[in-house]
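Q: Below is one structure. I have some questions about it.
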């Protein structure tokens, strides 16, 4: 496994990241530490390594904390390159959330209610990702109620089809739905586990449903 | 400030640990001695744990009573975290759990730190119980109501209430030590030493002579021989070290050693039963990368309150 130091020392073909104010950087570091502490998350890389190459992390969706905790679990150099894709209706409500989403995580906010043909979420994500940034997406679309991993929506397939060279990294989030269940706003500090799996790609000619089922199995496989 | 008995104890522990470390390193470098390398590895990692424990204790002693209470507070918090993570809870328990973690646990340790035995001895077992019952009822989910509230209650009592009696030893007014807490720290160290020693001895005697398992369905390595051997050797150690534990006479220290060994064994059995029920081997593997705090303090949780009350009983000290 690569240590964060190895990643930091790697010669950069690293692209420039939008410069952020020291306050936002400090807030980001503090928030990442707080999220790791509160969610008690242990991070596992299973047959996979942290890397600054352009990736799409796709995970099961159980809690509002998911994007934050995955983002916080990445080594700092990678975290700064990674943008969570989040729901606009939740993350643009209130000054604090909007500031966090825009300035601290640099999230890509997607309007779930008003999807236009020319501005499909997939196009927005790929445009915002550009040629260097990685994304965190939740292919189920919304948080599961039962804690089971639901069927994946087709967005992941279109991401993979339009940018077949990106690494698709499955991520499994365990127990975070108990830390902050749906409909609650105060967390309970239980222990959770974030597992990153080996990357996968869209095979040539692979059908949409086959690919989505395979991607879902890759997430479930990390559950053990 | 530091008195002779504290110096003797610290020197003795340092000498023992250094000698044991030297032996462990010698055995590691000479694998041809015919000893099982895995056993040597276990021995060395146990020793590392001891060094860490003693360093933390020394730091706590140096920082004083309040810091030690806070330290135990964090250990309780983490143990409770593991306990509740392992226990299935429902969404209806969420609000009650929030209060348990962020109000009852810290408040209990504040009461321990303020030396309010009259309040903290009933705060969790009575008031937290009532609160948890009512809060879960208010949440409107009645499914397996008693089972769920009992789990939260058990976690709170074992991980927080019982463990807090260890730092509460620091608050006792020991005879002949006005304003000096050296004796209290020796008493706490005495308890920790006995608990750890009893754990080791249980393992050693079970391995050497173990024939009759106490409950094969619960634990496949805890035997009656282990229990008896551990109780005997721990009593002997307590007798040998009675001079270090201020309020005790020889027979009282021996009795304390015996009871600590039996209670520690009971704590280990209890946690084994819970783990068996949940199908995990230890709390550490539950979430990869965490040490498993509850695995380390289970014996202590059971031994601490009994040791505390024995101290009160046999010496006639008022809490």
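Read-outs throughout are calculated quantities, based only on the coordinates presented, and are distinct from any laboratory measurement. Fair warning: this is a prediction, and the values are worked out from it, not measured in the lab. Cβ atoms come from the backbone with ideal geometry, glycine included; neighbour counts cover every protein chain shown.
Q: What percent of all Cα-Cα pairs in the range B:16-153 falls in each 5 Å bin, counting up from 0?
A: 2, 8, 14, 13, 12, 10, 10, 9, 8, 7, 5, 2, 1, 0
Q: By the gyration tensor of its Cα atoms, with a ≥ b ≥ c the square roots of the eigenvalues, what is the shape of the range A:21-221: rounded for a/c under 1.5, prolate for a/b over b/c, or oblate? Spell out each step's value before the answer.
A: Numbers: a/c = 1.37, a/b = 1.23, b/c = 1.11.
Rounded is the answer for the range A:21-221, as its axis ratio a/c remains below 1.5.
Q: Let me have the 222 nm mean residue ellipticity of chain A computed from DSSP H runs of 4+ only, each contributing -39500 (n - 2.57), with the sum over all residues rounded to the nearest 500. Each step should come with its number before you reach the end.
A: Working: 10 runs with 79 residues, N = 224.
Per the formula, -9500 deg cm²/dmol.
Q: Between the alpha-carbon centers of the range B:177-223 and the range A:153-218, tell me the distance in whole angstrom.
A: 46
Q: If we sort A:133-139, B:101-107 on the protection proxy, mean other Cβ atoms within 10 Å, highest first, what's the order? Kindly include the intermediate steps, with their values, before the conclusion.
A: On the way: A:133-139: 23.4, B:101-107: 17.7.
My ranking of the peptides, most packed first, is A:133-139, B:101-107.
Q: Note down, for chain B, the three equivalent ellipsoid semi-axes (square root of 5 times each alpha carbon gyration tensor eigenvalue), biggest first, whole angstrom.
A: Numbers: eigenvalues 209, 143, 64 Å².
The answer is 32, 27, 18 Å, longest axis first.
Q: Evaluate E = 1/(1 + (r/R0)^6) for residue A:221 and residue A:97, where r is the Cβ-Cβ distance and R0 equals 45 Å; express this FRET efficiency to the nearest 0.05.
A: Details: r = 33 Å, r/R0 = 0.74.
E between residue A:221 and residue A:97, to the nearest 0.05, is 0.85.
Q: Right, another one. Sort A:120-127, B:164-171, B:223-230 for me by packing, meaning the mean count of neighbouring Cβ atoms within 10 Å per residue, highest on top.
A: Details: A:120-127: 16.8, B:164-171: 23.6, B:223-230: 21.2.
So the order, starting with the most tightly packed, is B:164-171, B:223-230, A:120-127.
Q: Taking Cα pairs under 8 Å and at least six residues apart, what relative contact order does chain A come out at, in percent?
A: Values: 369 pairs, mean separation 63.8, N = 224.
Rounded, it is 28 percent for chain A.
Q: What shape does the range B:8-94 have by the C-alpha gyration tensor, where a ≥ b ≥ c are the square roots of the eigenvalues, rounded means a/c under 1.5, and otherwise prolate means a/b greater than b/c and oblate the rest?
A: On the way: a/c = 5.81, a/b = 1.51, b/c = 3.85.
Since a/c reaches 1.5 but b/c is at least a/b, the shape of the range B:8-94 is classed as oblate.
Q: Per-residue ellipticity at 222 nm for chain B, helices alone: DSSP H runs ≥ 4 residues times -39500 (n - 2.57), over residue total, nearest 500 deg cm²/dmol?
A: Details: 14 runs with 222 residues, N = 319.
Calculated from helices alone, the mean residue ellipticity at 222 nm is -23000 deg cm²/dmol.
Q: Is the shape of the range B:170-220 best called rounded, prolate or oblate, per the rule: a/c under 1.5 gives rounded, else a/b larger than b/c gives prolate, else oblate, with a ≥ b ≥ c the square roots of the Cα gyration tensor eigenvalues? Spell out each step's value before the answer.
A: On the way: a/c = 5.35, a/b = 3.50, b/c = 1.53.
It comes out prolate by the Cα gyration axes.
Q: Quick one: grab Rg to one decimal and Dmax as a whole number for the protein assembly as shown, Cα atoms only, in Å.
A: Expressed in Å, the Cα Rg and Dmax of the protein assembly as shown come to 27.3, 86.
Q: Sticking with this one: Quick one: Cα centre-to-centre distance for the range B:147-161 and the range B:71-103, in angstrom?
A: Between the Cα centre of the range B:147-161 and that of the range B:71-103, the gap is 9 Å.
Q: In angstroms, what radius of gyration and Dmax does the range B:178-319 have, counting Cα atoms only?
A: Cα-based Rg and Dmax for the range B:178-319 come out at 16.1, 50 Å.
Q: Something else now. How shielded is A:188-198 by partner chains, expressed as the average number of their Cβ atoms within 10 Å of its Cβ atoms? Could you put the intermediate results ahead of the total?
A: Values: counts 14, 10, 12, 11, 2, 6, 0, 1, 0, 0, 0.
Average neighbour count from other chains, rounded to a whole number: 5.
Q: Oh, and also: How shielded is A:172-184 by partner chains, expressed as the average number of their Cβ atoms within 10 Å of its Cβ atoms? Please report the intermediate quantities before stating the final value.
A: Values: counts 0, 0, 1, 3, 0, 1, 9, 2, 1, 5, 1, 2, 4.
Average per residue, whole number: 2.
Q: Starting with the highest mean, order B:263-272, A:215-224, A:194-203 by the number of other Cβ atoms within 10 Å, averaged over the residues of each peptide. Don't skip to the end; give the middle numbers.
A: Numbers: B:263-272: 21.9, A:215-224: 16.5, A:194-203: 18.8.
Order by mean packing, descending: B:263-272, A:194-203, A:215-224.
Q: Would you tell me the mean number of C-beta atoms belonging to other protein chains that fall within 10 Å of each C-beta in A:42-55, as a whole number?
A: Working: counts 5, 2, 3, 0, 0, 0, 0, 0, 0, 0, 0, 0, 0, 0.
Going residue by residue through A:42-55 and averaging, the value is 1.
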